[in-house]
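Here the structure is laid out as structure tokens; the discussion comes afterwards.
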Amino acid sequence: MSAPRPEISVRPLAPDDADRAGEVLGRAFADNPGMVAVLAHLSREARHGRMPGIKRGFARAAIRFGEARGAWDGERLVGAALSYAPGQYPLSMRAFSVLASGCLHPSLLRAAPRFLHIDGWMSKRHEKVPHFYLMVLGVEPALQGKGVGGALLRELSARADAARMPCWLETDKEENVPIYARHGYLVVDDEVLPKLGALRMWTMRRPPGGA
């Protein structure tokens, strides 16, 4: 018997939520192809151990400098979307330093060139006109496919549509592409990054009002 769908509410993340968001996003992304490629020097156990700290930095940056939203099942945080509104991205040096703070553990130093390579790839292809940028969206693994991510996407789409702005994102999972497509996103780029073990990446854009 499948677990019931959670009753989800979406609201902004507060500074005190950053640790919980890091834990949720860490679990959500621990085995994503991008993180496996970037943290290729770590064992699976070590990668899983470092991921909450990495994503905590991302959450803190979005809470302070961007548009961080949480998906809540009652008082339990079960998903998070870290986005940036027009004018908030590219990140300032201060915002980037907060984001990168979770990557400063000694065990991650060898990953720095790979982090920079994937960041450079994304920056080069990034949308040039004003837009909402969905940098990170993650859901507790046990609740993926239960509508949590969809609730977060709809909330972002509503903000973008109210402002008559497009949305932009990147994903490293092919199964995410049709999910985003259902929310109005179209594939812009589909490329393989040979320097990251043939990692495949998609960039996607949602026009104002959806596709």
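The values are calculated or read from the model by the stated rules, or taken from the named source; none is laboratory data. This structure is a prediction, so every number in the text was calculated from the model and none was measured. Ideal geometry is used to build each Cβ from the backbone, glycine not excepted, and the neighbour counts take in all protein chains shown.
Looking across the range 36-51, the residues that are in contact (Cβ under 8 Å) with a residue 40 or more places away in the chain and crowded, with 22+ Cβ neighbours inside 10 Å come down to Val38, Leu39.
Restricting Val129, Val187, Val192 to residues that are in a loop (DSSP other than H, G, I, E, B) and among the β-branched types (Val, Ile, Thr) narrows the list to Val129.
Can you work out which of the residues in the range 102-116 that are within 17 Å of the chain's Cα centre (by Cα) and in contact (Cβ under 8 Å) with a residue 40 or more places away in the chain is surrounded by the most Cβ atoms within 10 Å (Cβ to Cβ)? Break it down stepwise before answering.
Taking the range 102-116 as the starting set, the residues that turn out to be within 17 Å of the chain's Cα centre (by Cα) are 102-103, 115-116.
Add one more test, that the residue is in contact (Cβ under 8 Å) with a residue 40 or more places away in the chain, and what stays is 102-103, 115.
Details: Gly102: 22, Cys103: 17, Phe115: 15.
The selected residue is Gly102.
Of all residues in the range 79-101 being exposed (fewer than 14 other Cβ atoms within 10 Å of the Cβ) and in a loop (DSSP other than H, G, I, E, B), which is nearest to the chain's Cα centre (by Cα)?
Residues of the range 79-101 that are exposed (fewer than 14 other Cβ atoms within 10 Å of the Cβ), as a first pass: 87, 90, 92-94, 97.
Of the ones still in play, those that are also in a loop (DSSP other than H, G, I, E, B) are 87, 90, 92.
Values: Gly87: 19, Pro90: 15, Ser92: 18 Å.
Once the filter is applied, the top-ranked residue is Pro90.
Of the candidates Arg56, Arg20, Arg60, the single residue that is assigned to a helix (DSSP H, G or I), without any contact (Cβ under 8 Å) to a residue 60 or more places away in the chain and touching a Leu at 6+ places or on another chain (Cβ under 7 Å) is Arg20.
Within the range 63-87, the set of residues being farther than 18 Å from Val139 by Cβ and touching a residue at least 60 places away in the same chain (Cβ under 8 Å) comprises Gly66, Ala85, Pro86.
Every residue, every condition in (1) hydroxyl-bearing (Ser, Thr, Tyr); (2) closer than 22 Å to Arg27 by Cα; (3) modelled with pLDDT of 95 or more; (4) touching a Leu at 6+ places or on another chain (Cβ under 6 Å), yes or no:
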{"residue": "Ser97", "(1), (2), (3), (4)": "yes, no, yes, no"}
{"residue": "Ala100", "(1), (2), (3), (4)": "no, yes, yes, no"}
{"residue": "Leu104", "(1), (2), (3), (4)": "no, yes, no, no"}
{"residue": "Val129", "(1), (2), (3), (4)": "no, no, yes, no"}
{"residue": "Gly138", "(1), (2), (3), (4)": "no, yes, yes, yes"}
{"residue": "Ala151", "(1), (2), (3), (4)": "no, yes, yes, no"}
{"residue": "Ala158", "(1), (2), (3), (4)": "no, no, yes, no"}
{"residue": "Ala163", "(1), (2), (3), (4)": "no, no, yes, no"}
